[in-house]
1. Between a residue in the range 97-119 that is closer than 27 Å to Thr79 by Cβ and any residue that is among the hydrophobic types (A, V, I, L, M, F, W, C) and surrounded by 11 or more Cβ atoms within 10 Å (Cβ to Cβ), which pairs come within a Cβ distance under 9 Å, given they are 6 or more apart or on different chains?
2. List the helices (runs of 4 or more DSSP H) inside the range 46-137, counting only whole elements, that have at least 2 residues being in contact with a Gly (Cβ under 9 Å, 6 or more places away or on another chain) and at pLDDT 80 or above.
3. Taking the range 27-45, which residues are in a helix (DSSP H, G or I), among the hydrophobic types (A, V, I, L, M, F, W, C) and out of contact with any strand residue (DSSP E or B) (no Cβ under 8 Å at 6 or more places or on another chain)?
4. Any residue at all in the range 5-12 that's at pLDDT below 90, part of a helix (DSSP H, G or I) and surrounded by 10 or more Cβ atoms within 10 Å (Cβ to Cβ)?
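The values are calculated or read from the model by the stated rules, or taken from the named source; none is laboratory data. These numbers were taken from a predicted model, which means no experiment stands behind them. A quick note on method: Cβ atoms are made from the backbone with ideal geometry, for glycine too, and the neighbour counts reach across all protein chains shown.
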Amino acid sequence: MVYSRKKKQSSGDTNLNKKYKTKRRVKDLDEINADLKEDKAKVLLNQEVDFDKPGNAQFYCLHCARYFITSQALKEHFTTKVHKRRMKALEEEPYTIEDSERAAGQGSWKPPLKRKIATQQPLGEDSGKKQKTDPSC
């Protein structure tokens, strides 16, 4: 007796198929590159309290476009492979229209530029500086 293998998804249920494909959809690198600009980054890092997002939208990783519950979870995320891979991918400058024209044969090819990307500082830390207390108060 031969048993057929059970399919995971029905071929006729396109709504379910689409749901499974887009369940873990994250921002692409070009969208994150737009978020890394200073004015947009300040807005994303200093969001107002939103009870619908994890951690009330107070702990956000710019490079991975993810929200975290606590500052400790955000700090731990900075040491993970997922974050380090994303940082490595963001080092390469995004393609421009000029790059696509060069690839089509309308100019000489140039290798993509590399840029220096550093992990953001967690909120509440001033890069290791201690605050001095004023004894006159």
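1. So the pair list comes out as Arg115/Leu90; Ile117/Leu36; Ile117/Met87; Ile117/Leu90; Ala118/Met87; Thr119/Cys61; Thr119/Phe78; Thr119/Met87.
2. On the way: elements: 71-77, 81-90, 97-103.
Once the helices (runs of 4 or more DSSP H) in the range 46-137 are filtered for at least 2 residues that are in contact with a Gly (Cβ under 9 Å, 6 or more places away or on another chain) and at pLDDT 80 or above, what remains is 71-77, 97-103.
3. Going residue by residue through the range 27-45, those that are in a helix (DSSP H, G or I) are 29-35, 38-45.
Now narrow it down to the ones that are among the hydrophobic types (A, V, I, L, M, F, W, C): 29, 32, 34, 41, 43-45.
Result: Leu29, Ile32, Ala34, Ala41, Val43.
4. Taking every residue of the range 5-12 in turn, none turns out to be at pLDDT below 90, part of a helix (DSSP H, G or I) and surrounded by 10 or more Cβ atoms within 10 Å (Cβ to Cβ).
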